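What follows is a short report on a single structure.
The values are calculated or read from the model by the stated rules, or taken from the named source; none is laboratory data. This one's a predicted model, so the numbers in the text were calculated from it and none came from an experiment. Because the Cβ atoms are built from the backbone with ideal geometry, glycine has one as well, and the counts that use them run over all protein chains shown.
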Amino acid sequence: MTKTVLHLIVLTIIMVLAQVFCSKIILFNVAMPIVFIYVIMRLPINMGTNWVLTLSFLLGLVVDIFGNTQGMHALSCTVLGAIRRPVFNSFQTREDDMSNPLPSIHTLGIETYLKYATTLTVIYCFLLFTIQAFTLRSFSLTLGRVVASSLLSILFILGIDSLVSTHREKRL
């Protein structure tokens, strides 16, 4: 258990630093990679809801502090933490025999993990860019930013997960 906690702390620090650098990357003035939400996706599924919400809020708050975004990431991360388990349960039904509750490509399989990560990423990007625009006047631009940023973020998250996950993780 302590190894998992230490692993998540190191991963959180690395992902926040990576997000600080990735926030400077905006492709075609539309797509921005959002990589730090991988930490929320990677939290153990059997972790208590209060812990997940608290950690999600604090993670979003730290990114807001570094990015000067006035709480947009904190709100989006808290919502993401709240819907993470129901989204996981909609794609993975065997929760009772989970010996390793860390969602990854190796534990869930590529298809299930891709559905899980894509759903959470699209929801996060939709919340973030809708809050950022705060209007429906340029909804097509907001929708374009959501789609482009989601695709770019999914590519980054899949790459990060393939680097972070070990082959020793037991498949669910």
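Of everything in the stretch 47-57 that's of a type outside the set (S, T, Y) and loosely packed, with under 14 Cβ neighbours inside 10 Å, which residue is nearest to V20 (Cα to Cα)? Quick ask: steps written out before the conclusion?
As a first pass, look at the stretch 47-57 and keep what is of a type outside the set (S, T, Y): 47-48, 50-53, 55, 57.
Filter once more, so that each one left must be loosely packed, with under 14 Cβ neighbours inside 10 Å: 48, 50-51.
Details: G48: 28, N50: 27, W51: 24 Å.
Going through the qualifying residues, I end up with W51.
Checked against (1) modelled with pLDDT under 85; (2) loosely packed, with under 13 Cβ neighbours inside 10 Å, P86 meets all criteria but (1). Among the criteria (1) surrounded by 15 or more Cβ atoms within 10 Å (Cβ to Cβ); (2) touching a helix residue (DSSP H, G or I) at 6+ places or on another chain (Cβ under 6 Å), the one G71 does not fulfil is (1).
Condition check ((1) under 23 Å from S149 (Cβ atoms); (2) in a helix (DSSP H, G or I)) across all residues:
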{"position": "Q19", "(1), (2)": "yes, yes"}
{"position": "P33", "(1), (2)": "yes, no"}
{"position": "I40", "(1), (2)": "yes, yes"}
{"position": "P44", "(1), (2)": "no, no"}
{"position": "W51", "(1), (2)": "no, yes"}
{"position": "T54", "(1), (2)": "no, yes"}
{"position": "L58", "(1), (2)": "yes, yes"}
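For the stretch 145-156, state whether one or more residues are out of contact with any Leu (no Cβ under 9 Å at 6 or more places or on another chain), buried (at least 21 other Cβ atoms within 10 Å of the Cβ) and closer than 26 Å to V5 by Cα. Scanning the stretch 145-156 turns up at least one residue that is out of contact with any Leu (no Cβ under 9 Å at 6 or more places or on another chain), buried (at least 21 other Cβ atoms within 10 Å of the Cβ) and closer than 26 Å to V5 by Cα. Scanning the stretch 59-88 for residues that are β-branched (V, I, T) and more than 15 Å from the chain's Cα centre (by Cα), we see that the one that is farthest from Q132 (Cα to Cα) is I65.
Listed residues T12, T49; which is in contact (Cβ under 8 Å) with a residue 12 or more places away in the chain, within 20 Å of L80 (Cα to Cα) and under 13 Å from the mean Cα position of the chain (by Cα)?
Values: T49 fails: under 13 Å from the mean Cα position of the chain (by Cα).
After applying the criteria, what remains is T12.
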